[in-house]
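For reference, the structure discussed in these notes is given below.
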Number of protein chains: 2
Amino acid sequence: MAEENVIFVGKKPTMNYVLAVVTQFNNNIDRIVIKARGKAISKAVDIAEITRHKFIQTAKYEDIKVETEVLHGERGDSNVSSIEITLKR
Amino acid sequence: MAEENVIFVGKKPTMNYVLAVVTQFNNNIDRIVIKARGKAISKAVDIAEITRHKFIQTAKYEDIKVETEVLHGERGDSNVSSIEITLKR
């Protein structure tokens, strides 16, 4: 059950993820982690800000972490930045 | 003097900004704020992570803030997310 409040940001439109976050808050989950890598990091920040300003005004940033992940690919390893935004209400 | 340790991330290559951050740390400035808006947010995270992993291993995240800025344009206002990453060593 520990992972069910994690939203992984990918290629879908921003509002799809906002809806997922808002739905979880409305299902009485009070802490949600938004995770993204690479270019999706900007989208993760948008998702968190839209959620806070338009839908769940009581949500606050509990933590924002950034780190580097190593991806193992066919052509060798590559580094990619990642972000984890924890929203709590 | 208060603003001289702020790096605004724009359209230049990532390594240009990394070099600017590293140069400031090497000039005995011990706290640098990396600011970015919109799609440049991902680049700001890359800049901070590359600085920490490849150049200034003693640099730590002191604070990471995200917020929404309102841009006043000819066709009306628009919202854009922004990030402020404070690195300290």
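We did not get these values from a lab; they are worked out from the coordinates using the rules stated. The structure presented is a predicted model; accordingly, all values stated were derived computationally and were not measured. Here the Cβ positions follow ideal geometry from the backbone for every residue, glycine too, while neighbour counts run over all protein chains shown.
A few remarks follow.
- Ordering B:64, B:51, B:83 by the projection of their Cα atoms onto the charge dipole of the range B:36-88, which places +1 on the Cβ of Lys and Arg and -1 on the Cβ of Asp and Glu, puts B:51 at the extreme positive end.
- Nearest-20 debye value, the range B:3-88 charge dipole, Cβ charges on Lys, Arg, Asp, Glu: 360 debye
- For the range A:1-71, trypsin sites (Lys or Arg not before Pro) meeting the loop criterion (DSSP other than H, G, I, E, B) and having at most 10 other Cβ atoms within 10 Å: A:11.
- Nearest-ten-degree value, helix A:14-26 long axis tilted from longest Cα axis of chain A: 50 degrees
- Between the range B:1-70 and the range A:38-61, the alpha-carbon centres lie 21 Å apart.
- Once the Cα atoms are used to define both axes, helix A:40-50 deviates from the longest principal axis of chain A by about 10 degrees.
- Two-site FRET efficiency, residue B:88 against residue A:12, from Cβ-Cβ distance with R₀ of 30 Å, rounded to 0.05: 0.25
- Model label points for residue A:39 and residue B:60, set 7 angstrom from Cα along the Cα-to-Cβ axis, are 3.5 nm apart.
- Relative contact order (percent, whole number), chain A, Cα cutoff 8 Å, 6+ residue spacing: 32 percent
- GluC sites (Glu not before Pro) lying in DSSP loop within chain B, provided at most 13 other Cβ fall within 10 Å: B:3, B:4, B:74
- Long-range Cα-Cα pairs in chain A (distance over 16 Å), rounded percent: 52 percent
- Among B:17, A:32, B:5 - extreme Cα towards positive end, dipole of the protein assembly as shown, charges at beta-carbon: B:17
- Largest-first ellipsoid semi-axes for the protein assembly as shown, taking √(5λ) over the Cα gyration tensor eigenvalues, angstrom: 28, 20, 16
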